[in-house]
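This report refers to the structure that appears directly beneath it.
The values are calculated or read from the model by the stated rules, or taken from the named source; none is laboratory data. Values in this document were obtained by computation on a predicted structure and should not be read as measured data. Note that each Cβ is placed from the backbone with ideal geometry, even for glycine, and that neighbours are counted across all protein chains shown.
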Amino acid sequence: MSSQRPFIGMFMNLAEDDREISARREAFLRGFGPRPAPTIATTFGGGDFGNGHTNYKRKAKELAELRVGGAGPDLYVATCWPSLRALIHVADRTPIVFVGLANLRNTPATATPEYLPDNVYGFISYGRNLCAQWVKLLRKVREDVAQAAFIYDMNAQDRPGAKKVFEEIQSSGAALTTIAGTPVPLHVTAINCGSDRLDDDLKQFARQVTGSPAGFIVGVSVLAAKKRKAIIEFAKNSQLPAVYPNRLYTLSGGLVSKGTYIQGLYRSAGVYARRIINGERPTPRIDTRQTETGAPFETVVNLSAARAINLKLDPAALEADLVIDEG
């Protein structure tokens, strides 16, 4: 160990001024426990990948070169796939705990990412099993919705599964029916949240669906999280319902979300970090229960956001786990 206190290098996927960071760090520390409290050095990605992810590689290298008591980090924490990939290249044999990754493979039986080195531990937070739930939730929010824009990082180098996710959204939308079983498909258009034209693309979609029942679905993406305030504000101004991938969005003013409880993942990562620092090897090394066992995702409903677009929502009908109502 680098000193009496363990030294942890944390690579956050959000920007340094994001208000969510303190809550995530606190959740990690709750999981880690009070004694001895770790020294944490944090670097921030914020979706600033750079050409060939050079910025993430540089930040990972700088984190690895930090010294406390003459030694580098005893453990790293990665908070998205781009930060994990960057840390793998600099960590050598130092343990890495990742907070949440996607498994976009066809079947849960192939969920364990065997391509990860054996010094990497962490939690698969969702898979393609969540795509259909986003689609169904949008239909529950507005039962006549017929068109949707899927906002996702469609061409990022680190998202080889983007096409698979979009295809899953499309097929889930095509299979929708009414309560009586009548086919009423949801037609889905892709919008790339990593594009410099995001604002124009959103406006174009809104113009195309003027007068028809439509909405948005936002996928799990570092860039979407970075731009969440702009996306949420656009959905509000265009008076269209939107389904988001986790409570980060609904706490920021979004309408409804369905996904993994992110702070819960950070707490679990803290537990793993404590055990590794103490010389244990936590099992399972890669926790895939979210995709393998059909573990429930939480649904969060923001009634204040619903009123802002003149939409009446019944939290019970949506099976809400958390209701936000600021009056």
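Among the residues of region 35-55 satisfying the criterion of being touching a Leu at 6+ places or on another chain (Cβ under 6 Å) and modelled with pLDDT of 95 or more, which is surrounded by the fewest Cβ atoms within 10 Å (Cβ to Cβ)? For region 35-55, the residue satisfying everything is ALA41. Taking the criterion of being over 13 Å from the mean Cα position of the chain (by Cα) and buried (at least 22 other Cβ atoms within 10 Å of the Cβ), the residues of region 208-242 that qualify are ALA214, GLY215, PHE216, ILE217, ILE231, ILE232, ALA235, LEU240, PRO241, ALA242. Elements of the type helices (runs of 4 or more DSSP H) sitting completely within region 239-316 and holding at least 1 residues that are closer than 24 Å to VAL165 by Cβ and in contact (Cβ under 8 Å) with a residue 24 or more places away in the chain: these cover 247-250, 262-277, 289-292.
Within the bounds of region 56-69, is there any residue that is closer than 18 Å to GLY270 by Cα, assigned by TED's automatic domain parsing to the domain that holds VAL120 and surrounded by 18 or more Cβ atoms within 10 Å (Cβ to Cβ)?
So far as region 56-69 goes, no, none of its residues is closer than 18 Å to GLY270 by Cα, assigned by TED's automatic domain parsing to the domain that holds VAL120 and surrounded by 18 or more Cβ atoms within 10 Å (Cβ to Cβ).
Scanning region 54-72 turns up no residue that is in a loop (DSSP other than H, G, I, E, B), under 24 Å from the mean Cα position of the chain (by Cα) and not small (Gly, Ala, Ser).
Quick check: is even one residue across region 159-173 basic (Lys, Arg), under 26 Å from SER304 (Cβ atoms) and crowded, with 20+ Cβ neighbours inside 10 Å?
No, that holds for no residue.
Can you confirm whether ASP153 is touching a residue at least 12 places away in the same chain (Cβ under 8 Å), farther than 23 Å from THR291 by Cβ and either touching a helix residue (DSSP H, G or I) at 6+ places or on another chain (Cβ under 6 Å) or in the same structural domain as LEU311 (by TED's automatic domain parsing) (or both)? No, not satisfied.
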